[in-house]
1. Would you tally the residues in segment 71-111 being open to solvent by less than 30 Å² (accessible area, probe 1.4 Å), touching a Phe, Trp or Tyr at 6+ places or on another chain (Cβ under 8 Å) and farther than 16 Å from Phe30 by Cα?
2. Show the residue pairs meeting these rules: Cβ distance below 6 Å; 6+ apart or different chains; first residue within segment 93-104 and over 20 Å from Lys67 (Cα atoms); second residue not in a helix (DSSP H, G or I).
3. For segment 107-129, give me the residue count where each residue is in contact (Cβ under 8 Å) with a residue 60 or more places away in the chain and among the hydroxyl-bearing types (Ser, Thr, Tyr).
Amino acid sequence: MSMNSSQFPFVWISLDHEPGQDSQKDFDEFEANLQRGEPFVLLSNSAPTGDHEHSKEEKKRTSLWMKKNKAELRKWVVAMILIEPNAAKRFGFKAFAEVFSKFWGYPLIMASSTDAAMEIAKGLLPNHQETSAK
């Protein structure tokens, strides 16, 4: 996982796992976004593939981090929007979206394109609706 917060409140996240990736850096960036104290939307065009098996240490770190930040996650992360052009794959993510939402505390929404994802994201952020309508 890696994050790009340069377009905050639209935070792009890559769910790809690369060898040697520093997951602590990723969690630190996620936490920095939470500490802004403003609602934001996560967007990703890389669906989880399941080809990376998380170690017990990774799972434990994620779980502990999530528990530590649970209130802030629910308060500030409006949703995660996953861009998937393939309609069958989007449909396949419906069951996963329910589990995801229960664990992370915010919904997983599917979009067919980057443009569709951005329209959804803008609609989810009330302050952004006002500025984008001008």
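1. 3
2. Phe93/Met110
3. The total comes to 1.
The values are calculated or read from the model by the stated rules, or taken from the named source; none is laboratory data. Source: prediction; values computed, not measured. All Cβ positions, even for glycine, are placed from backbone atoms using ideal geometry, and neighbour counts span all protein chains on display. The area values use the complete protein model at the heavy-atom level, side chains included, leaving out ligands, DNA and RNA. Shrake-Rupley method; radii C 1.70, N 1.55, O 1.52, S 1.80 Å.
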